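Notes to accompany the following structure.
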Amino acid sequence: MTTPALAAAAAERAQNIRQRADRPSQRRCAEHAGARATVRAALSGVQVRESGDSGTLEFVGRASVYEAGYEMWDAFGPYTEIVTEGAGADSLARADLDVPLVLGHDQLRRMARTTTGTLFLTESANGLDVRAPALDPADYDVAYIAPKLRAGLVDEMSFAFRIESGQWSPDYTEYRINRFDIHRGDVAIVGYGANPYTGASLRQPAAAPANSRARALLEIALAR
């Protein structure tokens, strides 16, 4: 459905964009100019369940959903954005791919990383899938976020990336991302972002060591 704001922005865009392959100018996920240009996906079905006796937690999520429209903003106003299925294939195939799992896109709050073999990113027909199989419960950020995921207080993901190729629809109301580069970007657990779709789970080991305050707090928070 085309709203008056969407139509007005499209008309302005059509007058100012040179060609449909041009990327959005001042791309962001909210109306105000300082908003991030990230894509959000909601973490539905968060679970905590046993994953062995290693004393670690496994996080499984989806940082973006493909072929599902969501609202974004550029210099002219709102538009619908869609990530094409397979858009990250070339980037994910890099041998030197460097992407961390972080909280709130804060690069100092890293919990896993592709370069250390603790984070795995793959594409499915549904979107960009994220798996961190061995999060350390003693890590401050893991201890902080795990109970919030368990309680449903935080239930979305987002990813930071660069657009390499895309195209506007003929009426300039929709922009499709055909190829993105996530190398040296991130996948993040966030409060709110842009794309409201996806699924995730967090698995708890059968018995987590309680030899630190962080582990003890985590064990209490995740107790059924």
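How much length is gained if the chain between Asp171 and Phe120 is pulled fully straight, taking 0.36 nm per residue apart and subtracting their Cα-Cα distance, in nm to one decimal? Kindly include the intermediate steps, with their values, before the conclusion.
On the way: separation 51, 0.36 × 51 = 18.36 nm, distance 3.78 nm.
Here the answer is 14.6 nm.
Give, in nm to one decimal, the length gained when the segment between Ala5 and Ala30 is fully stretched (0.36 nm per residue of separation minus the Cα-Cα distance). Could you put the intermediate results ahead of the total?
On the way: separation 25, 0.36 × 25 = 9.00 nm, distance 1.36 nm.
Length difference between fully extended and current span is 7.6 nm.
With each label modelled as a point 7 angstrom along the Cα→C-beta vector, the Glu164-Thr84 pair spans 1.2 nm. Packing, taken as the mean count of other beta carbons within 10 Å per residue, orders the peptides 23-35, 175-187, 117-129 from highest to lowest as 175-187, 117-129, 23-35.
Where a number appears in this text, it was derived from the coordinates with a stated rule and is not lab data. Please read these numbers as outputs of a predicted model, since none were measured by experiment. All Cβ positions, glycine included, derive from the backbone under ideal geometry; neighbour counts span all protein chains shown.
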